[in-house]
Structure formats: C-alpha cells, structure tokens
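For reference, the structure is listed below as structure tokens.
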Amino acid sequence: MAYCASRFQTVRRRTVEVLVGSVGVGASNPIRIQSMTTSDTQDVAATVRQSIALAEVGCEIVRITAPNVAAAKCLREIRARLSAAGFGGVPLVADIHFLPSAAMEAVEHVEKVRVNPGNYADKKRFAVREYTDADYAGELQRLHDTFSPLVKRCRQLGRALRIGTNHGSLSDRIMNRYGDTPLGMVESALEFLRICEANDFRQIILSMKASNPKVMIEAYRLLVERMQAEDMHYPLHLGVTEAGDGEDGRIKGAIGIGSLLLDGLGDTIRVSLTEDSVYEIPVARALAQKAMSLWSAGPAGPAAAEAPDAIDPFRYSRRETARLELAPGCATGPENPPRVIVRAGPEDFAGPDRGLRDPKLEGTPAEGVLLAVPDAAGLAAAWTLAAGPAAPPFVVLELAGDLAPADVAAPARPEPRSGVVLLRRFERGQGEALAAFAGLARRSGWFLACDLTPDAAADLGPLLQRLGDERLIFTCGGVPGDRGSPRHAVGAYRRIAEELRRRGLRAPLWIRNTDATAVQGDNSFLSKLLEASFLTGSLLGDGLGDLVSIETERDAPRSVRLAYNVLQGAGARISKTEFVACPSCGRTLFDLQTTTQRIRAQTGHLKGVKLAIMGCIVNGPGEMADADFGYVGGAPGKINLYVGKQCVQYNLPQAEADARLIALIKEHGRWVDAPATPAAPA
Ligand code: SF4
C-alpha cells in the first residue's frame, strides 16, 4: 500500500516541483488554488474580465478553454492584456480536447497546457472494438507521433503540461483493454507520461477526475502507487468533475479532494461548481488550509513504522458489520444504509409543527436522536422526550461520566417507545465500567455505544472481544483530532476499525462529527460542511460507517439535511434526485446555472433518479457516468436528451427541452408527482 506515507496521520506526499510560469506546484509549495473561466474564449474582453475577477479573489492559476485554433490564438491577446493589467504573475492554462493543432497554437501563449489523454490523439467514437496486441502497439506509436510535437515545444518554451484524465472520456483503446475503471484512467495517463519522459520532459502535473468521488479517489491512489513503483514523483491536480452547485456541489468536491488531501496527496486543486467561478475559490482555499495545517505539523511519529490497515484502498468494499435492529425497521448492517442521528435538546421537540425536520425542507427525517444526559434529573427529561410521539425510531442517551448503570435503569423511567442506545465515553483502564454498562444493555434489550480513543480501544480490546459485538457500537466522537498534530479523526476511526478487525469484532461504527474547528478555528457553516465531508466522506469511501451524526451544526433540521447530503455525496445513501452538472466553460452551449436550477425545481423530488446536465458533449456521454437521463448541449440553443449513454432526442429547441425531459422520465416509469409542500408554521 505504497500510495501514502500513513493511513493514520496526514503526511504530505513528496513530489518534485513543477513551475507553471512563476508559480511552483508540488514539493514544499502551498496547495495552489485554480479555476476556469466560463466565457467564450474568443470574447477576449470577457475572458480577461473573468480572469482578473478570479485572480482578485485568490485564484492562483487560471484555465481557459481553447476549443479550436481561433480560440487558441486569442490566448496571446488575453495573456498580454492580463499582464498589462498587472496580473502577469497569474499563469494561464489552455484546456485542450481533441485538437493537437489548438494545443500547438496555445502553447505559444500560455504557461501550461492541459491535454485529455482520452481524446488528444483519438477521435472518440464511443464504441469499443477489439484490439490485438499488434493493433495496440500501433496505436501507442501513433499516440507517440501525435503527442511528441507538443511535448517538445513545451520543453523548448519552458511550459508545463497537465495530463488530465477524465473518467468519462477514456479512449476506445483503453476501454477495450481496461474498461471504464480507475485502472483504465491510470493506464491512460501513464501512456502519455511515458511519451513525456521519452522526450526528456518532466514539467508534468497529473489529474484523474470523475464525477463519482469514490472512482476519483481510487484512481488517484492507484496512480500514485504506480508512479511510486516507477520512481516518479509528479504533482497532482485534484478535482471532482460535474459536482453540481450549492451545498451538494461543495460536499462532493470536499469528499473527493478532502479524502485525498488527508492521505497527503494533492498539490493544486480546483473545486468545480455550477456557479460563477469566483465562488469556487473560498471553498478551495478552506480545503487547502485545512490540509496544510495538518501537513505543517509534520508526522507525529515514524509513519513508516505503523502497521498498515487491512482495507484495500484501490477497491471499494463496505466493512462487514453486525446487523443491529436499533428499532423496528431500522437496522444497521451491510444491507442497510448508514443511519442518521441528530443531536437535539428539549427545544427541538417543542410545538406541534417543530420536531426534527424542517417542514419547509421536505427532508428525510433523522432515525435516531441524541440527547445529552448530564445528571439524574436530566435523565428523567430525556426519557420523557424519548417516549414522546415526536421522537425518531431510536434514542441515544449520552451519559455523563459519573452516571452508573443503576441510575439509568431506575424504575421511575417511563417506557420509551423507541429503541435505546446508551452512549458513554470509556477510557483506558475502565474495563469494569464497560462490562457493567454492557451487562445493563444486554439485560434491558438496549445497545451500548462505546466512545473510545484508538489507544483505549487497544487497551480494552480483550474485554471487547469477550463481550462480543451483538449489542455494541463503536465511535470516537469525543476525540475529533489532536490539535496541532497531523492526526485527524479519520486516522482515529481507521485505527479503531483496524483494532476491531484484529479482534474479529463486527460491531458497527458510528461516525460522529463533533468538531468543525479542529483544524483552523473556523466555526462557519462552510467549515462544518467541509469537515463533515472530509471525515464522513473519507470513512465511507473506505467502506467504514454505519451511523452518522453531524453534531457541529446545532440547528437540528440543518444538521439532518447535511448528514443526508453528505451520505448522498459519498454515494452511501440516496435520499433525493442526484444531479451531475458540469461547471460550464467557454464551450458551454446554454446557461448552465439557470438551467440546472430550473430542472432541479421540477425534478428534485425524484429520489434515486440521477440526472446529468452538461454544457456540451466534449467529454462524451461517458462523462455522465451512470446517469439515468442526460440533458446535454448539442448546438447553440439546442439540447440533446439521453437515456443512459444513449442519445434519444437530438437538437431540441431549448424552450421545449424541459418538458421533453420530464416526458422521457415518465415514459421510463421513473416519475412520481412531487409531494404537496407542507405549510410553513405560522
Ligand atoms: S462538459 Fe461543460 S465544462 Fe466540460 S467542456 Fe463541455 S461545457 Fe465545458
């Protein structure tokens, strides 16, 4: 598992430095923030305006699409005007698909060229044919001949190159041999990388983007592992493509980018949002700052000496856990989705229209409620709430350290209608207390959630093994991370999971997000969202996590919504329509932002349906990955509709396209009417 120095602490990967103009990427440079303009590149004034706006909010590298030679020629003027306006230090990147001629023009004017190995030398036909070994070798030679002129020119001019692989646009050659897989993405990049090295060119940055964070995470890890094996140390550009907008877009980006940054991988990042590009920058900066504050602490110990965990980081599989029936119809276990718990207080139960779901949000309600029990008096109040009609299916009682089993089991308590989980912190050496609470849970038909540090888990491990995992749940919410050290809570959960595996325990893991400020002292909602995505998304991507709570957000309905959104972003639980929307660029054929919002307003209630909204088809229908339906720019003002990867309606006038999309969803039996919006409380 040579893709990162440690799975338990955040240690930055060692890379060479690549200079993009005067901006260093990789090595000891800070994580560089970048974005892309969305204007028509040939509208030079608009592109310069957007580039300046990006630079002014902190974008360090600006990418501009060059869809043809005419657009590539405009980069000269754009570069000149930016320099004249005082932004000469902001490097420009030409984004190339399909046309080597556009790349050869662009390289004359900008500091870096991005090529897509899936379509630089290949006309994508979206067909897979058989390649013999001789065919394949012939294709590689053709690739070499087509790509080498650009590589040589980059070397002569001192330009940088990004080999930017996209999951959705792999060449037919790669698809034939490796399929639509992370391995195919990696091989696609390595083909181009070897051509660069054969031309003695090493100013290279690589990316492995996908709209599915799990695919993207696996592809980057695999790429690094393969590069390490070949003693290659090129920097990485991280990004999740087609992440969408709003909270969902930020979550998806943070899960993919954040998980890799916690692994110590990533040197420059772009957060793709279907919003004006300037809104990407604060999100990217917050992600980068969180990671860099961990990196700067340095390893807390000899990472190389740590035993590896048992997870295969290159192939997702969910940890096999015990099925615990927490309440009727609400169980944990591999065949059940992660369950959502909300932290609440008496005020959240007040009034007939309150409860733990915002009536305006139509959200899925929480399944468990976490109530603090500071003392015996608080216990009576918690029992009352747990027995009330507003309580979710199960209740978690967070017990203060001095409450004994006898206090909790007091006969005066009313019989709650919900399942009961006792949550208590256990330290090293507290085996007796743990055994007593486990006994109470067994006698009462309750469950016991043990909040442990990894060290306490190791200390209490033999006892845990004797108790078995029939009624136990594990968490380490009380220890979100050691401030000022490279240890993030992700590492703590991984260590606990590993300890359980070693002892043969299948008890579920509860991911508690308890501290959004662990890294940078920022208590904003964005920080909570990013931290929840980092922690929960990373662990879910490792197949860990059976229960989730976002306790950093004190507004209960918002916390529930955030939990479901993070689960959806991680692909762990689908609770609403999934949107895959590209961020738009100079190739976009319609207004993506308003179109996405309009379509979302009409279809956002279709739980389990995946809709792709793409500005153009440059990256192929594969970019829509596993979307059920696609709404794709076919020509200016014209829309093509897809069912899966199949285009079924061409060149529809945009004014008709929404209705035709809905008709298509109905034809395929995926439509349900939206529920009536509940009246907001007076
Ligand atoms: S899919 Fe969207 S972001 Fe990608 S090239 Fe087309 S318009 Fe640009």
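Residues in region 552-595 that are surrounded by fewer than 24 Cβ atoms within 10 Å (Cβ to Cβ), within 16 Å of the ligand (Cβ to nearest atom) and either free of Cβ contacts under 8 Å to residues at least 24 places away in the same chain or of a type in the set (S, T, N, Q) (or both): THR588, ASP591, GLN593, THR594, THR595.
For GLY633, the criteria (1) surrounded by 22 or more Cβ atoms within 10 Å (Cβ to Cβ); (2) away from the ligand (no atom under 16 Å from the Cβ) hold in every case but one, which is (2). Just one residue in the set ALA404, ALA391, ALA449 is at pLDDT below 85 and small (Gly, Ala, Ser); that residue is ALA391.
Scanning region 518-533 turns up one or more residues that are closer than 23 Å to ASP626 by Cβ, of a type outside the set (Asp, Glu) and part of a helix (DSSP H, G or I).
Here's the yes/no breakdown for (1) assigned to a loop (DSSP other than H, G, I, E, B); (2) among the charged types (D, E, K, R); (3) surrounded by fewer than 21 Cβ atoms within 10 Å (Cβ to Cβ):
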| site | (1), (2), (3) |
| --- | --- |
| THR10 | yes, no, no |
| VAL16 | yes, no, yes |
| ALA27 | yes, no, yes |
| ALA46 | no, no, yes |
| ARG49 | no, yes, yes |
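Reported count of residues in region 9-29, each being touching a strand residue (DSSP E or B) at 6+ places or on another chain (Cβ under 9 Å) and not β-branched (Val, Ile, Thr), is 9.
For every residue, the table says whether it meets (1) loosely packed, with under 15 Cβ neighbours inside 10 Å; (2) in contact with a Pro (Cβ under 8 Å, 6 or more places away or on another chain); (3) farther than 20 Å from PRO338 by Cβ; (4) not hydroxyl-bearing (Ser, Thr, Tyr).
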{"position": "ASP375", "(1), (2), (3), (4)": "yes, no, yes, yes"}
{"position": "ALA382", "(1), (2), (3), (4)": "no, no, yes, yes"}
{"position": "PRO405", "(1), (2), (3), (4)": "no, no, yes, yes"}
{"position": "VAL408", "(1), (2), (3), (4)": "no, no, yes, yes"}
{"position": "SER418", "(1), (2), (3), (4)": "no, yes, no, no"}
{"position": "GLY429", "(1), (2), (3), (4)": "yes, no, yes, yes"}
{"position": "GLY445", "(1), (2), (3), (4)": "yes, no, yes, yes"}
{"position": "LEU448", "(1), (2), (3), (4)": "no, no, no, yes"}
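In the condition set (1) closer than 30 Å to GLN593 by Cβ; (2) out of contact with any Lys or Arg (no Cβ under 9 Å at 6 or more places or on another chain); (3) among the acidic types (Asp, Glu), ASP312 is compliant with all but (1). Of all residues in region 400-441, those satisfying the criterion of being touching a Phe, Trp or Tyr at 6+ places or on another chain (Cβ under 8 Å) and either closer than 25 Å to THR453 by Cβ or in a strand (DSSP E or B) (or both) are PRO405, GLY419, VAL420, VAL421, LEU422, ARG424, ALA433, LEU434, LEU440, ALA441.
For region 283-300, which residues satisfy the criterion of being under 18 Å from ALA55 (Cβ atoms) and touching a helix residue (DSSP H, G or I) at 6+ places or on another chain (Cβ under 7 Å)? Listed by number, the list holds a single entry, VAL283. Checked across region 56-69, the condition of being in a loop (DSSP other than H, G, I, E, B), surrounded by fewer than 22 Cβ atoms within 10 Å (Cβ to Cβ) and in contact with a His (Cβ under 9 Å, 6 or more places away or on another chain) holds for at least one residue.
Which one is farthest from the ligand (Cβ to nearest atom) among residues in region 210-262 that are closer than 24 Å to ARG561 by Cα and basic (Lys, Arg)? Looking at residues that are closer than 24 Å to ARG561 by Cα and basic (Lys, Arg), I get LYS214. Looking at region 18-70 only, could you name the residues that are within 16 Å of the ligand (Cβ to nearest atom), of a type in the set (A, V, I, L, M) and under 24 Å from the mean Cα position of the chain (by Cα)? Those that are within 16 Å of the ligand (Cβ to nearest atom), of a type in the set (A, V, I, L, M) and under 24 Å from the mean Cα position of the chain (by Cα): MET36, LEU54, VAL62.
Please verify whether region 150-164 includes one or more residues that are over 20 Å from LEU222 (Cα atoms), touching a residue at least 40 places away in the same chain (Cβ under 8 Å), among the β-branched types (Val, Ile, Thr) and assigned to a helix (DSSP H, G or I). First the steps, then the outcome.
Step one: of region 150-164, the residues over 20 Å from LEU222 (Cα atoms) are 150-161.
After this cut, where a residue has to be touching a residue at least 40 places away in the same chain (Cβ under 8 Å) as well, the list is 150-155, 157-161.
Those left that are additionally among the β-branched types (Val, Ile, Thr): 151.
Among the residues that remain, those that are also assigned to a helix (DSSP H, G or I) are: 151.
Looking through region 150-164, at least one residue is over 20 Å from LEU222 (Cα atoms), touching a residue at least 40 places away in the same chain (Cβ under 8 Å), among the β-branched types (Val, Ile, Thr) and assigned to a helix (DSSP H, G or I).
Taking the criterion of being farther than 17 Å from ASN116 by Cα and of a type outside the set (A, V, I, L, M), the residues of region 143-160 that qualify are LYS152, ARG153, ARG155, GLN156, GLY158. The numbered conditions (1) at pLDDT below 95; (2) hydrophobic (A, V, I, L, M, F, W, C); (3) touching a Cys at 6+ places or on another chain (Cβ under 6 Å) are all true for ALA5 except (3). Among the criteria (1) closer than 22 Å to GLU280 by Cβ; (2) in contact (Cβ under 8 Å) with a residue 24 or more places away in the chain; (3) within 15 Å of the ligand (Cβ to nearest atom), the one ARG598 does not fulfil is (3). What are the residues in region 179-209 that are at pLDDT below 90 and either assigned to a helix (DSSP H, G or I) or in contact with a His (Cβ under 6 Å, 6 or more places away or on another chain) (or both), if any? Result: no residue meets the conditions.
To keep it simple, each residue is scored yes or no on (1) touching a helix residue (DSSP H, G or I) at 6+ places or on another chain (Cβ under 7 Å); (2) part of a helix (DSSP H, G or I).
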| residue | (1), (2) |
| --- | --- |
| GLU225 | no, yes |
| TYR234 | yes, no |
| ILE255 | yes, yes |
| GLY266 | yes, no |
| LEU273 | yes, no |
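Considering only residues in region 71-98 that are in a helix (DSSP H, G or I) and small (Gly, Ala, Ser), the one that is nearest to the ligand (Cβ to nearest atom) turns out to be ALA71.
The values are calculated or read from the model by the stated rules, or taken from the named source; none is laboratory data. Bear in mind that the values here come from a model prediction, so they are computed numbers and not experimental data. Using ideal geometry, Cβ is built from the backbone for each residue, glycine included, and neighbour counts are taken over all protein chains shown.
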